[in-house]
Amino acid sequence: MPRKKKDEELKAEEPNPVDPATQEAEDTGTETDLNVDPEETEDTAIEPSPAEVELNDDAETEKEDDLLLPRDELLSAGIHIGTRMKTKNMDQFIYRVRPDGLFVLDVKKTDERIRVAAKFLSRFDSERIGVVAARLYARHPAKRFSEVIKATPLTGRFVPGMLSNPLYPDHIEPSVIIVSDPKADAQAVREAGVMGIPVIALCSTDNESSGVDLVIPTNNKGRRALAIIYWLLARQTLREKGELEPDKDLNLSIDDFEARVSRRD
């Protein structure tokens, strides 16, 4: 798909397009062991405080019916908790800064982007949707999402050339890809750009959006947050496709989407 055509398709869906950054995200590699994953300790460091669950300030107290899930459930999962860093690209999605220095994302904007992404994904054959997840805690929910909507999971190490090299044995040609973290999944983002494939990305406050066509602002490191985002995106995509009634839920629960970590004795 030419880049121009891709941009035209997304233009109708993207309410607030993000100006691309000039710096590419660094490919950070992937984890391979459920028991050894230092980066994923961030999950415990960014849990919402009790006050955060109760508070998102008076200005952000929309009716629960306006959101895909009750606000309390979204806040308790910490989908709004970012990092202590922010990029220019993500500034528009930041609601405030906590006293401890963590940037807080606007859950209303997260909800809006999930709806936009689901509507866009509903245009494609599910098999032509690639779901990339290098980070440990993103792999299981990405697989569950793929299973539910019948997409193609690309979890674990992303082999260079998977999208851009037609001679590679496992080469695929998706119509669109979802990445769980544009930094950890940088190789997939780069190759999608070369091939003119639209990219939907789950982005935290510290992510650059270079090469990303549609940002879903969220905590993309926490286990529960990732489970909820992928569960909501799966449910909304099926609703947009007409494969699930607007008032019905998935057969799988959010718990089924959440990664489990085993520990060695």
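The values are calculated or read from the model by the stated rules, or taken from the named source; none is laboratory data. From a predicted model like this one, the values you see are computed outputs, not experimental measurements. Neighbour counts run over all protein chains shown; Cβ positions are idealised from the backbone, glycine included. To get the accessible areas, we keep the full protein, side chains included, count just its heavy atoms, and leave off ligands, DNA and RNA. Shrake-Rupley method; radii C 1.70, N 1.55, O 1.52, S 1.80 Å.
Observations on the model:
- Too-long pairs where the Cα-Cα distance tops 29 Å, listed order kept, from 86/150; 88/143; 119/143; 119/221; 88/150; 88/248: 86/150; 88/143; 88/150; 88/248
- Residue list for segment 153-172, given a label point 7 angstrom along the Cα-to-Cβ vector of residue 195 and an amide N cut-off under 14 Å: 153-155, 158-172
- Between residue 260 and residue 159, the FRET efficiency from the beta-carbon distance, with R0 = 22 Å, is close to 0.30.
- Segment residue 72-residue 119, extension gain: residue separation times 0.36 nm, minus the distance between their alpha carbons: 14.4 nm
- A probe of 1.4 angstrom, applied to the heavy atoms of all protein chains, finds residue 249 with accessible area near 80 square angstrom.
- Protection proxy ranking of 92-103, 165-176, by the mean of other Cβ atoms within 10 Å over each peptide's residues and highest first, is 92-103, 165-176.
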